[in-house]
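Below is one structure, written out as structure tokens; comments come after it.
The values are calculated or read from the model by the stated rules, or taken from the named source; none is laboratory data. Here the structure is a predicted model, which means the values were calculated and not measured. Cβ: placed from backbone, ideal geometry, glycine included. Neighbour counts: every protein chain shown.
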Amino acid sequence: MSKHNRFVFFSSDTEIAGKLADSLEGIGTLVHEQPAPDVLTRHLDDSLVNMVFLDFVPDDADNEKLARAIDMARLLNRHKPDMPSVAVGRMNSPGAAVAALRAGVNDFVDLDNPEEVRDTVKRLARRLNNGREDETRYRNVLILGVRTGMGATLLAVHLASLLQEMQNADRNARVQAGGKSDASQQDAGMVSLHDRTCLLDLGLPVADGMLYLNLNGNFDFVEGVRNLRRLDRTMLMSAMAHDSTGLSVMALPRDLDQLNNVSHADSLFLAERLRDHFGVMVVDVGGMPNPAFIAGLVRLADETWLVTDQSIAALVSLADILKEFQEDGISSNELSLVVNRYDIQYGMSAEQIAQRFGLPLKGTLPDRTLAIMKSTSQGHLLHHDAPKDPYIKALRTLANTLVVPATGKARAPEQKPGWLSSFLGRDTRSGSAR
């Protein structure tokens, strides 16, 4: 980051502001302002502001301080959702971290850890730039079947495989433009996780996604949480399961009781770490019985696709899920609808379903159950056997909406802010992911 970056910290505490300024010395200039809504909106109109800091340090003498910080975070998200935001707190106050997360901040830092403050600011800046401007980028997606049997896992597996093929084509084009063969680059160990797709297979039944991909692996989700502090490119490349195209997969453990031994916050932090490492992540959570955890994953993803069909049972389940999301503070404009096994003769049209539930319609996938079953029963994915199948054509259309071209102009809506910090993942251990 340039030392000319301009940060604004909204706090009534000059001592905290001074400590934060010391941590940011050499990275940018910190402007200290009072936590007032009109002051916030004025600064957000300033094109020179690069990042906003909010004061979530508890104060026993000021019982309203946390509420003001939450209000400021929500105002920031409404007024300028693409502005990076950081909540400033302390390790011994995990409740403030949770409040910041729910209010929609990008990250949470420990005021007493200057190194963490600096690393977080640099990481957010890299995420904002989202890599090099001359490379194609991809939006991360969460896929949630509204009930079991919606085909969400098959959708996630096929989508992840298609995205990996697209990334491979992008990488090959870059290599050829640079005058090197792709094979020589791979031999030199230069293929990075930035050129790989990660499928986080959290759906039930356990590891169905890995089954469709003919993969086995012992490095499951719980192992990932246990190794959070050691997660780097080398570990992910060696420990995770990968198919022949480079698609990387992590699934739930076969023994779901192991989820009781990992915290909710660490589980979300693992998902965030994977997102930061890989070029694109597809998360399948169909059937997972933890609405709060799924809500956290929604805040992590760039897009969330609710997968339904036209049956009455599915539509009732869709209504229930939307109600749960509303209770967790997630609005319908953060979600999209995908109607699977679609045929206009089956019932309500996709447009009618979307209108009925107030959701944007992402797309439809035709009923190709027989063709998909024939491929998967032979250990293949449908686009390997029949790349021109109507299901694959429709899925490619959906995949293309996740592409952010090298020009920097996205084909899909602007990225929404993230939500989690190293502090929250490391020190909050009161709950489990299950």
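Run down 259, 270, 274 and say which single residue is in a helix (DSSP H, G or I), closer than 24 Å to residue 299 by Cβ and touching a Pro at 6+ places or on another chain (Cβ under 9 Å).
On the way: 270 fails: touching a Pro at 6+ places or on another chain (Cβ under 9 Å); 274 fails: touching a Pro at 6+ places or on another chain (Cβ under 9 Å).
Matching residue, one of 259, 270, 274: 259.
Within segment 79-117, take every residue that is over 18 Å from the mean Cα position of the chain (by Cα) and basic (Lys, Arg) and give me the one that is modelled with the highest pLDDT. Show your work before the answer.
Taking segment 79-117 and keeping what is over 18 Å from the mean Cα position of the chain (by Cα), we get 79-80, 87-97, 99, 109-117.
This time we only want the ones that are basic (Lys, Arg), so: 80, 90.
On the way: 80: 84, 90: 90.
Result: 90.
Against the condition surrounded by fewer than 20 Cβ atoms within 10 Å (Cβ to Cβ), outside the structural domain of residue 100 (by TED's automatic domain parsing) and under 22 Å from the mean Cα position of the chain (by Cα), how does residue 295 come out, does it pass?
Numbers: surrounded by fewer than 20 Cβ atoms within 10 Å (Cβ to Cβ): yes; outside the structural domain of residue 100 (by TED's automatic domain parsing): yes; under 22 Å from the mean Cα position of the chain (by Cα): yes.
Considered against the rule, which asks whether it is surrounded by fewer than 20 Cβ atoms within 10 Å (Cβ to Cβ), outside the structural domain of residue 100 (by TED's automatic domain parsing) and under 22 Å from the mean Cα position of the chain (by Cα), residue 295 comes out as yes.
Evaluate the following for residue 276: is it touching a Leu at 6+ places or on another chain (Cβ under 9 Å) and in the same structural domain as residue 376 (by TED's automatic domain parsing)?
On the way: touching a Leu at 6+ places or on another chain (Cβ under 9 Å): no; in the same structural domain as residue 376 (by TED's automatic domain parsing): yes.
Considered against the rule, which asks whether it is touching a Leu at 6+ places or on another chain (Cβ under 9 Å) and in the same structural domain as residue 376 (by TED's automatic domain parsing), residue 276 comes out as no.
When segment 18-35 is examined, which residues are found to be outside any strand (DSSP E or B) and either of a type in the set (Ser, Thr, Tyr) or closer than 16 Å to residue 75 by Cα (or both)? Steps first, please.
Taking segment 18-35 first, the residues outside any strand (DSSP E or B) are 18-27, 34-35.
Of everything in segment 18-35, those that are outside any strand (DSSP E or B) and either of a type in the set (Ser, Thr, Tyr) or closer than 16 Å to residue 75 by Cα (or both) turn out to be 23, 34, 35.
Looking at segment 201-235, which of its residues are in contact with a helix residue (DSSP H, G or I) (Cβ under 8 Å, 6 or more places away or on another chain), under 19 Å from residue 163 (Cα atoms) and aliphatic (A, V, I, L, M)?
Residues satisfying the conditions are 202, 213.
Just the residues that are under 20 Å from the mean Cα position of the chain (by Cα) and of a type in the set (A, V, I, L, M), please, taken from segment 211-236.
222, 225, 228, 231, 236
So which residues in segment 81-107 are assigned to a loop (DSSP other than H, G, I, E, B) and in contact (Cβ under 8 Å) with a residue 12 or more places away in the chain, if there are any at all?
Of the residues in segment 81-107, the ones assigned to a loop (DSSP other than H, G, I, E, B) are 81-84, 90-93, 104-106.
Of everything in segment 81-107, those that are assigned to a loop (DSSP other than H, G, I, E, B) and in contact (Cβ under 8 Å) with a residue 12 or more places away in the chain turn out to be 81, 82, 83, 84, 90, 91, 93, 104, 105, 106.
Given the conditions (1) under 27 Å from the mean Cα position of the chain (by Cα); (2) of a type outside the set (Val, Ile, Thr); (3) surrounded by 15 or more Cβ atoms within 10 Å (Cβ to Cβ), which single one is not true for residue 67?
It fails just one condition, (3).
Under 9 Å between Cβ atoms, which residue pairs at least 6 apart in sequence (or on different chains) link something in segment 329-356 that is not assigned by TED's automatic domain parsing to the domain that holds residue 303 with a partner that is β-branched (Val, Ile, Thr) and in a helix (DSSP H, G or I)?
none
How many of the residues making up segment 45-80 are part of a helix (DSSP H, G or I) and hydrophobic (A, V, I, L, M, F, W, C)? Walk me through how you get there before you give the answer.
Of segment 45-80, the ones part of a helix (DSSP H, G or I) are 65-79.
Those left that are additionally hydrophobic (A, V, I, L, M, F, W, C): 66-67, 69-70, 72-73, 75-76.
Selection size over segment 45-80: 8.
Looking at (1) within 26 Å of residue 318 (Cβ to Cβ); (2) in contact with a helix residue (DSSP H, G or I) (Cβ under 7 Å, 6 or more places away or on another chain), which is the one condition that is false for residue 287?
Of the numbered conditions (1) within 26 Å of residue 318 (Cβ to Cβ); (2) in contact with a helix residue (DSSP H, G or I) (Cβ under 7 Å, 6 or more places away or on another chain), the odd one out for residue 287 is (2).
Checking residue 127 against (1) at pLDDT 85 or above; (2) under 20 Å from the mean Cα position of the chain (by Cα): exactly one of these is not met. Which one?
Among (1) at pLDDT 85 or above; (2) under 20 Å from the mean Cα position of the chain (by Cα), residue 127 violates only (1).
For the condition in a loop (DSSP other than H, G, I, E, B), out of contact with any Cys (no Cβ under 6 Å at 6 or more places or on another chain) and surrounded by fewer than 18 Cβ atoms within 10 Å (Cβ to Cβ), what is the one hit in 112, 38?
Numbers: 38 fails: in a loop (DSSP other than H, G, I, E, B).
So the residue among 112, 38 that is in a loop (DSSP other than H, G, I, E, B), out of contact with any Cys (no Cβ under 6 Å at 6 or more places or on another chain) and surrounded by fewer than 18 Cβ atoms within 10 Å (Cβ to Cβ) is 112.
If residue 121 satisfies every condition in (1) β-branched (Val, Ile, Thr); (2) within 20 Å of residue 300 (Cβ to Cβ); (3) in contact with a helix residue (DSSP H, G or I) (Cβ under 8 Å, 6 or more places away or on another chain) but one, which is the exception?
(3)
Among the residues of segment 369-410, write down those that are in contact with a Pro (Cβ under 8 Å, 6 or more places away or on another chain) and buried (at least 21 other Cβ atoms within 10 Å of the Cβ).
Going through segment 369-410, the residues in contact with a Pro (Cβ under 8 Å, 6 or more places away or on another chain) turn out to be 390-391, 394.
Scanning segment 369-410 gives a single hit, 391.
Of the conditions (1) out of contact with any helix residue (DSSP H, G or I) (no Cβ under 8 Å at 6 or more places or on another chain); (2) of a type outside the set (Lys, Arg); (3) free of Cβ contacts under 8 Å to residues at least 24 places away in the same chain, residue 256 clears all except one; give me its number.
(3)
Need at least 1 residues that are under 30 Å from residue 255 (Cα atoms) and of a type in the set (D, E, K, R) per element, so show me which strands (runs of 3 or more DSSP E) inside segment 285-397 make the cut, counting only ones lying wholly within it. Break it down into steps so the answer makes sense when it comes.
Working: elements: 303-308, 336-342, 361-366.
It comes to 303-308.
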